[in-house]
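See below for the structure under consideration.
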Amino acid sequence: MTAQLNADGDVAVLVPAAGSGVRLGPGAPKALRLLAGEPLLVHAVRRVAAAPSVRTIVVAAPAAELAAVRELLAPVAPVIVVAGGAERQDSVAAALAVVPADVAIVLVHDAARALAPPELVESVAAAVRSGHPAVIPALPVVDTIKEVDPAPGGSEIVLGTVDRTVLRGVQTPQGFRHEVLAAAHRAAPAAHTDDAGMVEKAGIPVVCVPGSELALKITRPLDLVIAEALLPLA
Ligand code: C5P
C-alpha cells in the first residue's frame, strides 16, 4: 500500500466508485461511464490528485472491475484500488480500512461528482485542519421545497412549505478528522446516504463551507449533458 502522491500532504481522499448507476440508464457501472471520452472516475481522480494537500487516494471499485480500474488510473495518479461493497457506506468502509494510521484528515468524495475542483478539496481540508472535526460543502437550495404525504399509488398531498433559507444542498468531498470518521463507521449500523449523517448521529458538530456548482452529482442522463457543457470551466 505505497501508492502516494504528495509525501507532505495530510489528507487521504476516499472515492467510492462501486455503484451501478441504474438512474443513468443501462450500461457500464456509473463511475466508468464516459464524459467527453473519459470515464467519470478518471475526471474525479485527476481533480483530487491536483489538490496539493492530498497524500493518498483510495478508490472503491466494483469487485469485477478491479484490474480494469487499476489500469485505467495508472496514468492518472498513484491510487490504491479496493473492492467496494453492496451499499455506498460499505464501499467507504472498505476504502477507509486501508488508509494509513498517520493520515490526519480523511475526505470522502463521490466518483459521480467528477468535476469537483481541486480548490473545493483544499477548502474542505483547510476547514478540518483549522479545527472542525467534520466539514461539508453546501449550496443554498434554489427551488421552493414542499413536504408531502407520499400516498402510494395516489396523488401526493402537500403538507406544507419548508423555509428554504435554512436548507442546504450538500455535496462531496466531505472532510473529517480521521479518528472521527473511523469512530462513526464503527458505530453506524444503518445505511446512510452521506458520511456527515453518521457523524451527526454521534453528536459531533458538522460545519458547512461554500460548495461549488461544478461539484454537481452526475446521476441522470441530463446531468451528463450539463457536465459536458461545464467541462470548459472545470
Ligand atoms: O448511488 P449514489 O449516486 O448515491 O452513489 C454515490 C457514489 O457512491 C458513486 O460514486 C457510486 O459509485 C458510489 N457507490 C459505491 N458503492 C455502492 C453504491 C454507490 O461506491 N455500493
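The values are calculated or read from the model by the stated rules, or taken from the named source; none is laboratory data. Model, not experiment: these values are computed from the prediction. Note that each Cβ is placed from the backbone with ideal geometry, even for glycine, and that neighbours are counted across all protein chains shown. For accessibility, only protein heavy atoms count, side chains too; no ligands or nucleic acids. Shrake-Rupley method; radii C 1.70, N 1.55, O 1.52, S 1.80 Å.
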Glu87 is checked against (1) within 16 Å of the ligand (Cβ to nearest atom); (2) free of Cβ contacts under 8 Å to residues at least 60 places away in the same chain and fails just one. What number does that condition carry?
-> (2)
Starting from the range 158-174, take each residue that is without any contact (Cβ under 8 Å) to a residue 24 or more places away in the chain and over 30 Å from Glu122 (Cα atoms) and list its partners that are surrounded by 17 or more Cβ atoms within 10 Å (Cβ to Cβ) and not β-branched (Val, Ile, Thr), counting only C-beta distances under 7 angstrom and pairs at least six apart or across chains.
-> none
Residue satisfying all of: in the range 1-49; part of a loop (DSSP other than H, G, I, E, B) and within 11 Å of the ligand (Cβ to nearest atom); nearest to Ala104 (Cα to Cα) among these = Ala17
Test each condition in (1) in a helix (DSSP H, G or I); (2) more than 17 Å from the chain's Cα centre (by Cα); (3) loosely packed, with under 14 Cβ neighbours inside 10 Å for Ala183 and report the one that comes out false.
-> (3)
Contact list, first residue from the range 113-131 and more than 18 Å from Asn6 (Cα to Cα) and in contact (Cβ under 8 Å) with a residue 12 or more places away in the chain, second anywhere and part of a helix (DSSP H, G or I) and of a type in the set (D, E, K, R), beta-carbon distance below 8 Å, six or more apart or interchain, is Ala114/Arg47; Leu115/Arg47; Ala116/Arg47
Scan of the range 189-233 for residues that are small (Gly, Ala, Ser), more than 15 Å from the ligand (Cβ to nearest atom) and either buried (at least 17 other Cβ atoms within 10 Å of the Cβ) or within 16 Å of the chain's Cα centre (by Cα) (or both), ordered by number = Gly211, Ser212
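Answer yes or no: is there a residue in the range 63-83 that is within 17 Å of the chain's Cα centre (by Cα), touching a residue at least 24 places away in the same chain (Cβ under 8 Å) and within 9 Å of the ligand (Cβ to nearest atom).
No, the range 63-83 contains no residue that is within 17 Å of the chain's Cα centre (by Cα), touching a residue at least 24 places away in the same chain (Cβ under 8 Å) and within 9 Å of the ligand (Cβ to nearest atom).
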Working only within the range 50-72, note down all residues that are outside any helix (DSSP H, G or I) and open to solvent by 10 Å² or more (accessible area, probe 1.4 Å).
-> Ala50, Pro52, Ser53, Arg55, Pro62
Given the structure, is Ile57 within 12 Å of Val13 (Cα to Cα) and away from the ligand (no atom under 16 Å from the Cβ)?
-> no
